[in-house]
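Rule-based calculations on the coordinates, nothing more; no lab input. Bear in mind that the values here come from a model prediction, so they are computed numbers and not experimental data. All Cβ positions, glycine included, derive from the backbone under ideal geometry; neighbour counts span all protein chains shown.
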Amino acid sequence: MNLGRVSGILMILGGLLIFGFGALFALGQTAAGELNVGGAIVGLGLAGVPAAILAAIGVVLVTRSRREQEEGEERAELRKILDMVASKGEVQIRELVLELGTSRKEVQGQVHSLVGMGLFSGYINWDEGTLFSSEASSIHELQRCKFCGGEVKFAGKGVLHCPYCGAEYFLS
């Protein structure tokens with residue numbers, strides 16, 4: 001559990017405590033006859049304002065903490081893909097799927113994210129299911145597919161595609 005989440009939970013609990021003590025005080029004073037119902041309602045309203053503010057800040061902190069945790073997990077998965085390709089030179093997509101505990105489609109999206117961020121340069125043959133690390137300079141000069149010899153075409157920002165065998169080459 002990280003600090004933002006703990007702080008958020010404590011703020012929510014603090015807000016509930018403030019409101020709870022205010023409610024107990026108002027009810028006790030009303031029962032003792034020292035406070036009428038209108039005064040009790042005003043007292044609850046006054047206790048509710050800081051309680052609501054604390055609880056709202058707590059909810060924001062917990063939500064932000066959860067989002068940061070999810071982003072951190074995604075960055076870890078992207079780092080794992082980069083590390084596996086860099087260390088082995090080529091990686092089977094099924095290895096990435098098993099290692100990350102995800103689907104082939106999600107791995108494909110993660111690879112495209114890495115390309116979009118300019119962090120991965122290499123090529124992939126989706127039919128064979130192999131991801132290759134490659135020197136960017138050799139890919140920039142690439143005109144023919146390394147698998148079938150067909151002419152490669154630009155398929156988007158930083159991506160070359162072979163229409164014959166389906167291989168994709170990523171430029172950084």
5 angstrom amide H check on Ala155, placed H, neighbours 5+ away: Leu160, His161
If you place +1 on the Cβ of every Lys and Arg and -1 on the Cβ of every Asp and Glu, how big does the dipole about the Cα centre of the chain come out, in debye to the nearest 20? 220 debye
Which order do Met84, Met117 fall in if you start with the one that has the fewest other Cβ atoms within 10 Å? Met117, Met84
Which entry in [x] 1.04; [y] 1.84; [z] 0.94 is this structure's computed Cα Rg over 2.2 N^0.38 Å? [y]
Would you please give the residues with an amide H less than 5 Å from that of Thr130, counting only those at least 5 places away or on a separate chain, with H modeled from the backbone geometry? Ile93, Asn125
Based solely on its DSSP helices, what 222 nm [θ] is calculated for the chain when runs of n ≥ 4 H residues each add -39,500 (n - 2.57) and the sum is averaged over all residues, nearest 500 deg cm²/dmol? -21500 deg cm²/dmol
